[in-house]
Amino acid sequence: MKVLSKDHVIYFFNQENPACYRVEDGETFWVETDDCYSGQIKDASVKRPDIDISIMDCSVGPIYIEGAMPGDTLCVEILAIQFAPQGVMVTSKGLGVLGERIQEPDTKIIPIRDGFAYFSDSIRLPLTPMIGVCGVAPKAGLNVHCAVPGDHGGNLDTKLVTVGSRLYLPVEQEGAGLAVGDLHACMGDGELSGTGIETPGRICIRTSVRRDCPVSRPVIETRDALYFLASAPTLDEAIHTAVSDGVQFLQEKLSLSFPDAYRLLSAMCDIQISQVVNDWKTARLHCPKFDTKIETL
Ligand code: CA
Ligand code: CA
């Protein structure tokens, strides 16, 4: 099985980045990734203001997927995530939801072993592995920093981008231009202090080109549900788009009028927050697979 090294990274998602790797449609492969700080924080002496934040969230790729053409959908199945033996969490003035309460920057190194993150001598956390950045080349003319989420995916910071999930992304360029990075050993919805447990590691994924389920934005499929993701400058706008995508899906799949699909969505679906700490916020509509007609995209 191919292992794509972390030597080739992008800092922006666009259509100008030359492809660094090539994989077949349906191929399974590993991708090695640094943490979101590009390995700049090796120990607790390095604080967030000391590092170069312009290279944060850099992502390994672009990966050219044979056969992917504009208008197709790329299905990224996450099969396994493995971690290096330590992760890091920083706090810094202004970072996260309560950043105004941080006076001095601080770095915490968190050992990872045997399926746990050792937050302190007395607190150990079961790992909740997830991928922070996973995206494809956006529409022509766009140049989106890897730290920003959007319709192309990118820094979605969504804990459901995890082992066992499928992430569907809209292909805008031949070969798709997939890039991934920003692994987290643990992260809750919101990424509230501004970081998860940021950890280098490697990801095993399978990429397949789909022509039967066009998407405009990222959609996640788990065994029990579909999640319609949307990112926007405000959470309100993100919620509006995610709900709109969900209603359209229910209308088409179940042959419903708008008012009926809207009512059904209100009865069965949940709005959830993926993250509130990036420049654009990400919300997702959780649509459980409550009817056989909506078991697939
Ligand atoms: Ca992130
Ligand atoms: Ca991160």
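Read the figures in this text as sums done on the coordinates, not as results from a lab. None of these values were measured; they are calculated from a predicted model. Glycine gets a Cβ as well: all are built from the backbone with ideal geometry, and neighbour counts include every protein chain shown.
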- [ ] For the chain, find the longest principal axis of its Cα atoms and tell me its angle to the long axis of helix 235-254, 0 to 90°, nearest 10.
- [x] 40
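Starting from the Kirkwood Rh over alpha-carbon pairs, what translational D in µm² s⁻¹ does segment 169-297 have by Stokes-Einstein at 10 °C and 1.306 mPa s?
Numbers: Rh = 16.2 Å.
It comes out at roughly 98 µm²/s.
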- [ ] For the chain, count the residues as N, evaluate 2.2 N^0.38 Å, and divide the Cα radius of gyration by that value, please.
- [x] 0.98
Open item on the list: On a full-extension model of 0.36 nm per residue, what is the gain between residue 234 and residue 189, subtracting their alpha-carbon distance, rounded to one decimal in nm?
Closed with: 14.6 nm
Open item on the list: Below 13 angstrom from the Cβ of residue 221, what's the summed charge of the other residues (Lys, Arg +1; Asp, Glu -1)?
Closed with: +2
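Averaged over every viewing direction, what's the projected area of the C-alpha convex hull for segment 219-288? Give it in nm², one decimal, please.
Details: hull surface 17.7 nm².
Its Cα hull, projected and averaged over all orientations, spans 4.4 nm².
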TODO: Multiply the residue separation of residue 252 and residue 2 by 0.36 nm, subtract the distance between their alpha-carbon atoms, and state the gained length in nm to one decimal.
DONE: 86.1 nm
Task: At R0 = 35 Å, FRET efficiency that the Cβ-Cβ distance of residue 47 and residue 80 yields, to 0.05 - done: 0.60
TODO: Neighbouring Cβ atoms within 10 Å as the yardstick, rank 264, 142 fewest first.
DONE: 142, 264
Task: In order through segment 255-264: 3J(HN,Hα) via Karplus (6.51 cos²θ - 1.76 cosθ + 1.60), integer Hz, x for Gly, Pro - done: 6, 10, 5, 4, x, 5, 5, 5, 5, 4
TODO: Quick one: what are the phi-derived ³J(HN,Hα) couplings along segment 165-174, Karplus 6.51/-1.76/1.60 with θ = phi - 60°, whole Hz, x for glycine and proline?
DONE: 8, 10, 10, 9, 10, x, 7, 10, 9, 3
Open item on the list: I need the trypsin sites (Lys or Arg not before Pro) found in segment 158-234, filtered to DSSP loop residues with at most 15 other beta carbons within 10 Å of theirs.
Closed with: 211, 223
- [ ] Compute the separation of the alpha-carbon centres of segment 83-109 and segment 238-297 and state it in Å as a whole number.
- [x] 33
